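Reviewing the structure listed below.
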Amino acid sequence: MRFDTIIIGGGLSGLVSAIECARAGRRTAIVSAGQSALHFWSGSFELLGKVGDKTVIENPLGQINQLDESHPYRVIGEERLRSLLSKVPDLLKDAGLKSSGSLSSNHLRLTPLGFMKPAWLTLDDYVYFEPGKPMPWKKVALVNIYSYIDFYPRFLAHGLQKKGVECKMASVNIPELDILRKSTTEMRATNMSRFLTDEAVDHLAAQINKVATGVDAVIMPAVLGIYSDAPVERLRKGVDVPVWFVPTTPASVPGVRCQLSLRDLFIRLGGEFMPGDTVVKGEFEKKRLKKIYTVNFGDMPLEAENFVISTGSFFGHGLIADMERIYEPALGLDLNVKGGRTEWYKKDFYASQPYMTYGVTTDSRFRPSRHGEIIENLYATGALLAGFNALKEGSGAGITLATALHAASDITGS
């Protein structure tokens, strides 16, 4: 089978680069192993939350020159980075995902444990605050679903009360969810969202109104809208005060919805999505990747003019560590790993760990090398790249999006 572009990896980075290639009229395919890190997504995209010991709120793009020269943001450059990331809100909107935020300043999202963390874009349904401005509410109701254990109102109350917001806690129930309580493993956000549609949403709204008296807003777990925001909008219309959501522990409703929405947009643009498959090797010729072989297709190769590899880092098995080495398993790409196993980490659990910056080595166009030679028609994007610590910097989503868009732009000439 032959395509113009093949994307290896179906997470955020792979989907975004594939969407842009398909939009440009290129015959594009995604080979996806399955569940991606998007299923753990909070509903907010980070850009740059911290440089060194300094928390970045104002003008995160203005801070990139303080990063190491090998950092993906520095490689792209501030002007180009701004141009690429400015496309993201419209791309999300095309997929049915409404978001708010500015490249000029981070806002603060409310985490499931009640902390405030810097973010760039947040889905419109989710709680976030503008730094330096008064809190929008004086009193809120933290409303949980009866017997749902992955929502922590006491932690949220502690964080909000520190900001001067009075909190009352309540739980509600509707008969439509009783079937899930037959097994404690079924009371999960993504499962509940499948039942919370149509009249069930109206019943939930009526119960919330009973406990949400005398408050400025309701904050509840993200358990609605796994396929679209229609149930969310229906609930908001039925509740007497504004309703906002906080993400839950994985699998998260916003994460699954984002994955499905971007996948569906890609397919509508004519793309071919190949789920449940893994690349096992590539065939190279004269510094170019000619073919890839996968588990499902066996000895039938997939060929393309250009390839993008977006398989993630250790979490997504884009990088593998064993007792002897760290390696990239799909194509055998070069990594920036130095030293033996004892040099990959620090004994201080809370220290910045060296392995977090490991990834494939690339040129300035994010084309990776293999045996010291740049592969001219292959691009690496997202968490697979070397040179940054997404956890420490709060930069993972921004790098994922920017490098995906950069690769697609290079491929399509746009």
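Assorted remarks:
- Residue check, Ile64 surrounded by fewer than 24 Cβ atoms within 10 Å (Cβ to Cβ) and without any contact (Cβ under 8 Å) to a residue 40 or more places away in the chain: yes
- Test: residue in segment 289-296 that is within 19 Å of Ile30 (Cα to Cα), assigned to a loop (DSSP other than H, G, I, E, B) and either without any contact (Cβ under 8 Å) to a residue 40 or more places away in the chain or open to solvent by 80 Å² or more (accessible area, probe 1.4 Å) (or both): yes
- The residues of segment 101-140 that are touching a Gly at 6+ places or on another chain (Cβ under 7 Å) and among the hydroxyl-bearing types (Ser, Thr, Tyr), listed by number, are Thr122, Tyr126.
- Residue in segment 390-406 that is closer than 14 Å to Thr5 by Cβ, open to solvent by 40 Å² or more (accessible area, probe 1.4 Å) and of a type outside the set (Gly, Ala, Ser) present: no
- Matching residues, segment 300-349, being open to solvent by less than 50 Å² (accessible area, probe 1.4 Å) and part of a strand (DSSP E or B): Leu302, Ala304, Asn306, Phe307, Val308, Ile309, Ile320, Ile326, Leu335
- Counting only residues that are part of a loop (DSSP other than H, G, I, E, B), open to solvent by less than 60 Å² (accessible area, probe 1.4 Å) and aromatic (Phe, Trp, Tyr), segment 129-167 holds 3 of them.
- Scanning segment 354-366 for residues that are among the small types (Gly, Ala, Ser), open to solvent by less than 50 Å² (accessible area, probe 1.4 Å), touching a strand residue (DSSP E or B) at 6+ places or on another chain (Cβ under 6 Å) and modelled with pLDDT of 95 or more turns up at least one hit.
- Scanning segment 23-56 for residues that are within 16 Å of the chain's Cα centre (by Cα), of a type in the set (S, T, N, Q) and at pLDDT 90 or above yields a count of 3.
- Qualifying residue in segment 130-151 (condition: within 30 Å of Val88 (Cα to Cα), under 28 Å from the mean Cα position of the chain (by Cα) and modelled with pLDDT of 95 or more): no
The values are calculated or read from the model by the stated rules, or taken from the named source; none is laboratory data. Model, not experiment: these values are computed from the prediction. Because the Cβ atoms are built from the backbone with ideal geometry, glycine has one as well, and the counts that use them run over all protein chains shown. The accessibility values were calculated without ligands, DNA or RNA, using every heavy atom of the protein model including side chains. Shrake-Rupley method; radii C 1.70, N 1.55, O 1.52, S 1.80 Å.
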